[in-house]
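Peer 1: Quick one: the structure is below, and I'll ask about it shortly.
The values are calculated or read from the model by the stated rules, or taken from the named source; none is laboratory data. These numbers were taken from a predicted model, which means no experiment stands behind them. Don't worry about glycine lacking a Cβ; one is built from the backbone with ideal geometry, like all the others, and counts go over all protein chains shown. These area figures cover heavy atoms from the full protein model, side chains too; ligands, DNA and RNA do not enter into them. Shrake-Rupley method; radii C 1.70, N 1.55, O 1.52, S 1.80 Å.
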Amino acid sequence: MRAIAGLLLCLCGAAVQADVDTDQAVEPSGQDAAASVSVKGIRDPDWKPYGAMLKGVKRFEEKHALAPGAELRFILEPRRADVDMHAIALRLESDEAGMAILLGEHNIFSLPVGQGPLYEKAELTVNRKAGSVRWIPYIRSAATSDTIRRLGDLRLACEVHWAIDKDSLPFAMRTAMGALGGPCNFVSQKGTYSFAGPRRIATATISFNGKSAPVPFSGSSFTPPLRERDWSDDSVIELTFGHD
C-alpha cells in the first residue's frame, strides 16, 4: 500500500492553472510552416499521444456535471525551473498529416478533436526536449482565479488527468491503483492528488454554506478533499500567497 501511494504522489500532482480566458484556435497555414520547422528542429522533443489526450476529452464529457460551466483546455507547464517556456510551438503530427495548434497566454490551448482517420495515430509535440513540460488539464468555472478555486473544477481536472496518464503505467500498477479507487477517489489517506499554485502558499481554506476547514498545503502545492463527499462540488478553496 505505501509503495503504491508513494508512486501515486509522484505521478498525480497537477500543475499550475493560471487564471486566463483566451480563445484557442488552429494556426493559419503561414504560421504552420514556421512552427513545423521549430518543432522538428528539436531532437527528441517532448510529446504526448493524441489518443491518450482524447481519452481525457471523453472523461471530461462523462464527468462534465462536476463543472458544468467550464470548458476543457490544457496548459503546458515547465517540469524544471530552467525550462524556457517562451516561443513554445505545439503541433499535432501523424505520418500522413500535421497541424500547428495555437497557444494562448501562459501556454493554454484547446485540443482539436474529430480530426478523422489521418490522425488516428498522431502525437502532440512541442519544441522542447522530452521530459521538459507537463501536460495539465485547465478547467476553470466562471468567477474562479488563482486565489479562488472551485472543488468541482479540481475534481474534474483530476479525472481528466488520470484518464490521460493511467495507460502509461505498468499494467499491474495501473490495476492496483484502479482497485483502490484511482487518484481522484483514493481510499487511503496516503494517496493524494495535489495542485500547484503560482507562488508559495501561506494559507488554504475550503468553505461551503457556512462550513469551513483548512486544506493541507506544502510550498506552492495544496491538496483539496477530492474524495470527501461531505464537500459539495460548489465548495470554494481560497488561497493566500506569501511574499517570496
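Peer 1: Quick one: K211 ticks every box in (1) among the charged types (D, E, K, R); (2) modelled with pLDDT under 95; (3) surrounded by fewer than 18 Cβ atoms within 10 Å (Cβ to Cβ) bar one, so which box is it?
Peer 2: Every listed condition holds for K211 apart from (2).
Peer 1: Next up: Determine if segment 177-191 includes at least one residue that is under 17 Å from E77 (Cα atoms) and in contact with a helix residue (DSSP H, G or I) (Cβ under 9 Å, 6 or more places away or on another chain).
Peer 2: No, there is no match, as no residue in segment 177-191 is under 17 Å from E77 (Cα atoms) and in contact with a helix residue (DSSP H, G or I) (Cβ under 9 Å, 6 or more places away or on another chain).
Peer 1: Looking only at residues in segment 42-82 that are among the β-branched types (V, I, T) and modelled with pLDDT of 95 or more, which one is farthest from V160 (Cα to Cα)?
Peer 2: Once the filter is applied, the top-ranked residue is I75.
Matching residues to (1) touching a residue at least 12 places away in the same chain (Cβ under 8 Å); (2) open to solvent by less than 40 Å² (accessible area, probe 1.4 Å):
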position	(1), (2)
F74	yes, yes
D82	no, no
A87	yes, no
D95	yes, no
N107	yes, yes
A122	yes, yes
I136	yes, yes
I139	yes, yes
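Peer 1: Here's another thing I want to ask about it. Can you tell me which of (1) touching a residue at least 40 places away in the same chain (Cβ under 8 Å); (2) assigned to a loop (DSSP other than H, G, I, E, B) is the one I206 doesn't meet?
Peer 2: Every condition holds for I206 apart from (2).
Peer 1: Going through A179, A130 one at a time, which residue ends up being within 21 Å of R229 (Cβ to Cβ) and surrounded by fewer than 20 Cβ atoms within 10 Å (Cβ to Cβ)?
Peer 2: A179
Peer 1: I need a count of the residues in segment 209-228 that are closer than 17 Å to N185 by Cα and free of Cβ contacts under 8 Å to residues at least 12 places away in the same chain.
Peer 2: Total meeting the criteria: 1.
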